[in-house]
Every structure is written in structure tokens, then in C-alpha cells.
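Data first, discussion second: the structure below is written as C-alpha cells.
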Amino acid sequence: MITFLSKIIKLNNLHVIGIIKKDNEETYYVLTVKKKGTKIDIVSAVSFDTFEKIAQNIDLKIPVLLAIDGKGILNKEINFNNETDVTWYKNIDFESIYYTSLIGSNSNFISFCRKNIVEEITEKFLKKGFQVVDIYVGSFLSGLLHNAIKKDFITSNDIVLQFENGKVANFTKQTEPLKIEEYKLGKETISSNFLPLYGIIVHFFVPLKEVEKTKNDALNTEEIIYKKAFNILGITMLVGFLTSLLISYFLIQYYGSKNAELNLQNVYSNQSYQLILDLEKQKENKQKLLRESGFLSAKFLSFYSYEIIKEIPHDISLTDLNIIPINKEIKANQKISFDAKTVIIKGETFNESSFNNWMDKLKKMSWLKNFEIISFKKDKKNKSQFEIKITIKDV
């Protein structure tokens with residue numbers, strides 16, 4: 001459970017509150033830390049002289065570890081090679097005490113007190129709304145910091161720890177006035193009053209087999225865990241939902257505008273397409289009209305006029321030259337009908353021989369398919385009037 005707890009809490013800040021009891025006075029040392037990966041950063045380290053001040057000045061939403069020391073806390077070295085110590089240890093009633101112990105080089109160093117002391121302090125914190133996760137007693141857990149401090153003697157509250165081969169070998173109790181030392185932990189400088197709190201943090205996040213302590217079943221640790229997890233999950237879900245909603249809003253706006261543009265383009269495209277269809281239909285009708293009228297011939301109509309006129313003898317007069325004539329009278333709202341590839345020539349002459357010679361020349365024209373003399377008659381003045389129909393070849 002502690003491992004699971006550390007995985008949940010490591011995402012947040014954590015308070016470690018050291019309670020030092022002296023006669024009728026209490027001093028509170030508050031170490032606030034934040035764990036980032038495997039690194040523990042000190043957010044703040046402050047002290048208060050009354051419980052009311054600490055309740056007013058720290059964030060009650062952050063889980064708390066309590067570290068009780070001073071009056072009522074006994075510290076003892078138990079050497080299991082010593083029969084007296086072994087007998088004493090066997091006679092301990094662990095149901096009536098609260099303890100925290102650290103295995104040293106040759107001995108077990110234990111801090112303990114009556115359970116009612118821990119229960120009174122815990123109840124006081126819980127009534128004020130503190131989220132108490134766990135409780136430690138004594139100052140021996142400063143011994144976990146030897147590898148970082150690298151000193152043979154380390155002051156931890158009112159005791160001095162002596163080390164051999166990296167483990168606690170002995171301890172002595174300080175006499176008044178207490179000497180306060182400062183130690184370098186990475187980039188942080190921490191005083192001896194806060195040192196056991198930092199040791200507690202190390203054990204809390206990375207439980208070690210060298211440390212043993214009383215398990216407090218009265219603390220509803222799981223409720224704090226799940227409440228914390230629920231808050232984190234709830235906030236994450238809320239932020240995710242709001243972010244998704246915001247993204248969705250912008251996407252709706254973006255794609256809505258794009259859809260409007262596409263619809264407008266589609267309208268224009270449909271109009272353009274319909275216009276193209278109308279133009280193609282007009283083109284087809286005009287081409288049909290031109291085909292029917294003969295205007296699609298590779299030669300201009302003036303070509304035929306020129307070819308006919310240039311061969312006319314001087315004694316023949318033309319009265320009408322109609323290239324691609326109209327079949328019938330033009331009427332309103334009726335289609336005009338042309339006699340395609342046809343030329344009608346009307347004229348008059350006094351010399352029939354000259355007329356015949358002209359006809360012979362016309363027959364030799366490369367573009368002429370056929371010609372037909374529609375009429376040839378003389379008037380009272382002996383003038384011959386004629387009408388000729390010429391059919392043009394397909395070119």
C-alpha cells in the first residue's frame with residue numbers, strides 16, 4: 001500500500017510536520033517537498049510556535065506526514081548480541097507503543113512512545129482538516145542521509161548520530177542548549193532540525209528494509225489516496241473535456257467556413273457548368289445552321305462571286321447573283337431555310353453564242369459540281385433572258 005501511495009502522492013506536494021514537545025511547549029517544523037521522478041525538491045522549510053499558526057499557514061489539501069519527537073519519546077540502542085537488550089526487546093508490548101526503528105551497523109536503534117501520545121496529536125490534526133497519511137517518531141531516520149552528507153557525526157534534533165561504514169553505530173543525546181548544524185543536500189542547505197523530516201521523506205517514497213515502524217490502522221490512508229487520485233483524474237478529465245470542447249468549437253468554425261466556401265464554389269461550379277452546357281448547345285445549333293446554310297465551306301462566298309463574275313463576257317449582263325439563296329419567304333418566328341451549296345444567276349444577252357461560250361467556261365470550274373439552265377427565253381426586243389442554277393461541290 002505504501003508503494004502504491006507513493007506513486008499517487010509523488011505527483012503532488014507533501015508536508016512533513018515535525019512536532020517537538022518540550023515540557024508544556026511545542027515547536028512545529030514544516031518541510032514541504034515535491035517529488036519529480038527520482039528527485040526530491042524542497043519547496044519550503046518553515047517553523048511555527050503554535051498549532052493555530054501552522055493550521056492557518058499551510059495548505060490543508062496537501063497530504064501530511066507527522067514526525068513526533070522530544071518529550072515522551074524514548075531513544076534506545078538494542079544490541080542483539082547483548083542478552084540484556086534481547087530480553088528487553090522480547091518484553092516490549094508493541095500493542096501499547098508507537099515506534100520507528102533503524103537497523104545500524106551492529107544494533108537496532110529504536111524511538112518509541114506510548115500510543116496515547118500519538119493518538120492525541122493525530123486527533124488534533126485530523127480535527128483541523130489535515131490529511132494525515134502516516135506517523136513517525138524519533139530522529140533516527142536522519143541516518144538514511146549519510147551517503148548524501150558524508151560525515152561521521154550528524155546532528156539530528158537533540159541527538160548526534162555516529163556512523164561506521166555508512167551505518168549508524170552509536171548515538172548520544174545533546175544537552176541544553178542544543179547545537180544546530182547545517183548540512184548540504186544536493187543544492188539545498190538544511191538544518192539539523194529539519195534533517196529527520198527529510199530522512200522520513202526518503203523512506204516514505206523509497207521504503208527501505210532497514211526501517212521498521214508501527215502501522216497505524218486508524219488512519220484512513222486509502223481514502224486519502226483515492227480522493228487524491230479522484231481529484232487528479234477529475235481535474236484531468238475536466239481539462240481534457242474543456243480542451244476537447246474548445247478544439248471541437250474551433251474545428252466546427254473552421255470546417256463550417258470551409259464548407260460554406262465549398263458550397264459557394266459548388267453553386268458557382270453548377271452555374272458555370274450550366275452556362276457551359278448552354279454555350280455548347282448554342283454552338284451546336286449555330287454549327288448546324290452554318291452547315292445547313294453552307295457557310296462552313298472552306299471557301300468564302302465572295303470567292304464564288306468573283307469566279308463567276310470574272311468570266312462573264314462583256315455582252316452579257318447579270319441582273320441577279322444569289323449565292324446560297326433562301327428557299328422561302330422569311331416570316332417572323334420561323335426558321336430561315338437556305339438552299340445550301342447553290343448559286344442562282346439571272347441575266348440577259350443579245351448574243352447566244354457568247355452565252356454558250358460562257359457556259360462552257362463555267363463547266364471547267366474546279367469547284368462546280370453541276371449547273372442547270374432553269375430558263376432561257378427571248379423578249380419582244382429579241383433579248384435573251386436566262387436563269388441558271390449552279391451546285392457547288394463539297395469542300
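General observations
- Taking all protein chains together and rolling a 1.4 Å probe, Phe163 ends up with roughly 10 Å² accessible.
- Taking 17 Å as the straight-line reach from the Cα of Lys115, the aspartates and glutamates in range (excluding those fewer than 8 positions away in the same chain) are Asp69, Asp93, Glu95, Glu123, Asp134, Glu212, Asp217.
- Bridge orientation summary for region 6-160: considering DSSP beta bridges with both residues in this region, about 75 percent are antiparallel.
- For region 147-215, a/c is less than 1.5, where a ≥ b ≥ c are the root eigenvalues of the C-alpha gyration tensor. That puts it in the rounded class.
- Lysines whose Cα lies under 17 Å from that of Lys173, excluding same-chain neighbours fewer than 8 positions away: Lys21, Lys22, Lys71, Lys76
- Spin-label model distance (nm) - Asn24 vs Gln265, 7 Å beyond Cα toward Cβ: 8.7 nm
- Long-range HN-HN contacts of Lys71 with modeled amide H, under 5 Å: Lys21, Lys22, Asp23
- Using the Cβ-Cβ distance between Glu95 and Lys34 with R0 set to 41 Å, the FRET efficiency works out to roughly 0.65.
- Using the Cβ-Cβ distance between Thr87 and Glu164 with R0 set to 22 Å, the FRET efficiency from 1/(1 + (r/R0)^6) comes to roughly 0.30.
- Beta bridges by DSSP in the chain, antiparallel share as percent, to the nearest 5: 85 percent
- Taking every DSSP helix (H) stretch of at least 4 residues in the chain, weighting each as -39,500 (n - 2.57) and dividing the sum by the residue count yields a mean residue ellipticity at 222 nm of -12500 deg cm²/dmol.
- Heavy-atom accessible surface of the chain: percent carbon and sulfur, 1.4 Å: 52 percent
- Using C-alpha pairs under 8 Å with a sequence gap of at least 6, the mean separation divided by the residue count of the chain gives a relative contact order of 11 percent.
- For region 11-134, dividing the convex hull volume of the Cα atoms by the residue count gives 131 Å³ per residue.
- Sites Asp278 and Val43, calculated FRET efficiency, Cβ-Cβ separation with R0 56 Å, nearest 0.05: 0.10
- At the residue level, Tyr304 shows approximately 0 square angstrom of accessible surface with a 1.4 angstrom probe and all protein chains present.
- Anchor Lys35: aspartates and glutamates whose Cα lies under 15 Å away (excluding residues fewer than 8 positions away in-chain): Glu188
- Surface exposure of region 1-132, expressed per residue as accessible area with a 1.4 Å probe, stands at 52 Å².
- Our summary gives region 63-123 a relative contact order of 37 percent, counting only alpha carbon pairs under 8 angstrom and 6 or more residues apart.
- Scanning the chain for GluC sites (Glu not before Pro) that sit in a DSSP loop and have at most 12 other Cβ atoms within 10 Å, the longest stretch containing none of them is 96-328.
The values are calculated or read from the model by the stated rules, or taken from the named source; none is laboratory data. Quantities reported herein were computed from a predicted structural model and do not represent experimental measurements. Reconstructed Cβ throughout: ideal geometry from the backbone, glycine too, with neighbour counts over all protein chains shown. The accessibility values were calculated without ligands, DNA or RNA, using every heavy atom of the protein model including side chains. Shrake-Rupley method; radii C 1.70, N 1.55, O 1.52, S 1.80 Å.
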